[in-house]
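Below is one structure, written out as structure tokens; comments come after it.
The values are calculated or read from the model by the stated rules, or taken from the named source; none is laboratory data. Nothing here was measured: the structure is a model prediction, and the numbers come from that model. FYI the Cβ positions are ideal-geometry reconstructions off the backbone, even for glycines, and counts take in every protein chain you see.
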Amino acid sequence: MNIFSFTTHFGREEDCRIHFKEQRDKIGVVCKCGHKEHFWIKSIWSYECKKCRKRISLKSGTIMQNSNLSFLIWYKTMFLMSVTKKG
């Protein structure tokens, strides 16, 4: 993938969020209480545990967890790190 195709696929924040959610859903989300079933609340981009009702953000449990950076910035950074020789 080059920078042009990357920008076509991931040029907006929402594109990155949707892709990240799809990938996260494949792996599965586990609440701190250990429950694996949850609801998706699109208006706030979070999961909610069906058992304890705790909300789990999309970034929760990832390297992005305590970051205020957008998904777009994270995606661009990961792309550049993976395609540069010194990355």
- Unmet criterion (only one of (1) part of a strand (DSSP E or B); (2) surrounded by 13 or more Cβ atoms within 10 Å (Cβ to Cβ)) for F39: (2)
- Cβ-Cβ under 7 Å pairs, at least 6 apart or on other chains, the range 16-45 side among the β-branched types (V, I, T), far side surrounded by 11 or more Cβ atoms within 10 Å (Cβ to Cβ) and assigned to a loop (DSSP other than H, G, I, E, B): V30/K36
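Out of the residues in the range 4-14 that are part of a helix (DSSP H, G or I) and in contact (Cβ under 8 Å) with a residue 40 or more places away in the chain, which is surrounded by the most Cβ atoms within 10 Å (Cβ to Cβ)?
We begin by selecting, within the range 4-14, every residue part of a helix (DSSP H, G or I); these are 4-9, 13-14.
So of that shortlist, the ones also in contact (Cβ under 8 Å) with a residue 40 or more places away in the chain come out as 6, 13.
Working: F6: 15, E13: 13.
Among those residues, the one meeting the criterion is F6.
Mind listing whichever residues of the range 46-87 are β-branched (V, I, T) and either touching a residue at least 40 places away in the same chain (Cβ under 8 Å) or out of contact with any Asp or Glu (no Cβ under 8 Å at 6 or more places or on another chain) (or both)?
From the range 46-87, those β-branched (V, I, T) are 56, 62-63, 73, 77, 83-84; that's our starting set.
Passing the criteria: T62, I63, I73, T77, V83, T84.
Test of understanding: among T77, T62, which residue is among the polar types (S, T, N, Q), in contact with a Leu (Cβ under 9 Å, 6 or more places away or on another chain) and either outside any loop (DSSP other than H, G, I, E, B) or modelled with pLDDT under 95 (or both)? Show your work before the answer.
Values: T62 fails: in contact with a Leu (Cβ under 9 Å, 6 or more places away or on another chain).
The conditions single out T77.
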